[in-house]
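Report on one structure; see the data block that follows.
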């Protein structure tokens, strides 16, 4: 899908703030894709659509999670996790995106998963470090992202787990599986 | 089992340093049991035997994990986790301890688990805060343990996850399940 067409579809779904974030993720994802050898066009499309379902009503998201047999334990954890798998579903249904790699990059952009593809890693990290992000530790991850995609990703996932624990919030197990998998594959 | 008999059995299995640690866990566990209403005698026995298998050869521990059908994923994670379930098995077999509550407190003293019993919490925490322990954050948990067992336990589990992440080590999923379960049950 052409960039302009994709952006037009997404703009209607988002607040202005979230649309600006999406543009940041798009630019960052294309840069990371170029740097690490992922498909830049797929990175562009996945980035544009990654938050497509962000502002859908929780009831609608819940219904889709149940109807599509997405992992039921999602419902027991932070609702922030829901828009990723629901987004992948809606982007296929409503925007006609059928590329599985792109859809999986959207689906796993919040939780990650074991055995992430290069494109999934690019979208996860771009979402974390795009220029509009400002929180403790993000600059360190930005620097790491220039040198080593996996190490930057590990730091981002660690920061996410740390952030949740500081607020005494639960940690979605898939996030820990992502972390463990990346650690196990890390070359010394 | 009488304290002196139990200590005699355990002393043979441990280094002097680890035996002193065990005495610290015993005293702390009895105090915590008294404070929070757990069975003090069971706390004493579980504490005395909690590290019974600590110095068994890794090969022997591995064989027991496989033969007894303990969770196979233990073998993929830090070997430090092995002595707890193996210890519960050996304490029953070699020392004749048959009380399931005591054996479970030994079994889960390193990983924790969802739905921990009061005795399991007491042993986990006593192992973490006994007077011989010196590491960053332990004093904070000691103080919390005077006020609220679950909050102290949450802090101990958080510190454990944090410690592993700082060293870029994997986190055993059961530890995260323990954490999530404690958070979900925490009263505001």
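The values are calculated or read from the model by the stated rules, or taken from the named source; none is laboratory data. Remember, it's a predicted structure, so these values are computed and weren't measured experimentally. Neighbour counts run over all protein chains shown; Cβ positions are idealised from the backbone, glycine included.
Could you name every one of the helices (runs of 4 or more DSSP H) located completely within the range A:92-188 that has at least 3 residues being more than 14 Å from chain B (Cβ to nearest Cβ) and surrounded by fewer than 20 Cβ atoms within 10 Å (Cβ to Cβ)? Working first, answer last.
Values: elements: A:100-107, A:118-129, A:138-145, A:149-166, A:173-185.
By residue number, A:100-107, A:138-145.
Would you confirm, using the coordinates I've provided, whether residue B:62 is exposed (fewer than 12 other Cβ atoms within 10 Å of the Cβ) and modelled with pLDDT of 95 or more?
On the way: exposed (fewer than 12 other Cβ atoms within 10 Å of the Cβ): no; modelled with pLDDT of 95 or more: yes.
For residue B:62, the condition - exposed (fewer than 12 other Cβ atoms within 10 Å of the Cβ) and modelled with pLDDT of 95 or more - is not met.
Quick one: residue B:88 ticks every box in (1) closer than 18 Å to residue B:117 by Cα; (2) at pLDDT below 95 except a single one, so which number is it?
(2)
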